[in-house]
1. Could you report the accessible area of S17 in Å², rounded to 10, computed with a 1.4 Å probe on the protein chains as they sit in the structure?
2. Between K42 and S25, what is 0.36 nm times their sequence separation minus the Cα-Cα distance? Round to one decimal in nm.
3. Suppose accessible area is computed on protein heavy atoms with a 1.4 Å probe; arrange I33, I26 from highest to lowest.
4. For segment 38-53, what does the Karplus curve 6.51 cos²θ - 1.76 cosθ + 1.60, with θ = phi - 60°, yield as ³J(HN,Hα) per residue in whole Hz, taken in order and with x for Gly and Pro?
5. Which loop-located trypsin sites (Lys or Arg not before Pro) does segment 63-109 contain, where loop means any DSSP state but H, G, I, E or B and the Cβ has at most 16 other Cβ atoms within 10 Å?
6. Going from most exposed to least, what order do W114, W35 have by accessible area with a 1.4 Å probe?
7. Measuring with a 1.4 Å probe in the full set of protein chains, what accessible area per residue, in whole Å², belongs to the chain?
8. Around S53, what is the net charge, scoring Lys/Arg as +1 and Asp/Glu as -1 over all other residues with Cβ under 14 Å from its Cβ?
Amino acid sequence: QLQLVESGGGLVQPGGSLRLSCAASIFMDYYAIGWFRQAPGKEREGVSCISSSGGSTNYADSVKGRFTISRDNAKNTVYLQMNSLKPEDTAVYYCAATYTFRSSRCWAPDFGSWGQGTQVTVSS
């Protein structure tokens, strides 16, 4: 059974960078992977998704140009490089897996396997 584990979160100053990792317990080549985030009192938001091959990606408007999603299937790992971080990026970040990739957005109901989350805090 697929299990996902996120890592790489932490405290960073505004304008700084972090790289999140999502490691899968099994061969992940057939799964599209998404990154989601949820801040206190807010709904869960789809941040970025990547197709199983890595050839297609999508991003929320709020992170376009600042975040980059990538994957290394040989390592069963998906990454989220986050640059120019803002206080409003503060949230728990989750990765999740699905067989369905949508080019327009990451839609949480598509995803059946979720990690436990990693906290990202952007503050001076």
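The values are calculated or read from the model by the stated rules, or taken from the named source; none is laboratory data. Note that the structure is predicted; figures quoted are calculated from it, not measured. When we count neighbours, we look across all protein chains shown, and the Cβ atoms used for this are built from the backbone with ideal geometry, even at glycine. Accessible surface is based on the protein model in full, side chains and every heavy atom, while ligands, DNA and RNA are left aside. Shrake-Rupley method; radii C 1.70, N 1.55, O 1.52, S 1.80 Å.
1. 60
2. 3.2 nm
3. Ranked from most to least accessible, the order is I26, I33.
4. Each residue of segment 38-53 in turn: 9, 9, x, x, 10, 6, 5, 10, x, 9, 6, 9, 9, 6, 4, 7 Hz.
5. For trypsin sites (Lys or Arg not before Pro) across segment 63-109 that sit outside H, G, I, E and B with at most 16 neighbouring Cβ atoms in 10 Å, the list reads K64, R66, R102, R105.
6. Most to least solvent-accessible, the answer reads W114, W35.
7. Per residue, the chain has 51 Å² of solvent-accessible surface.
8. Local net charge: -1.
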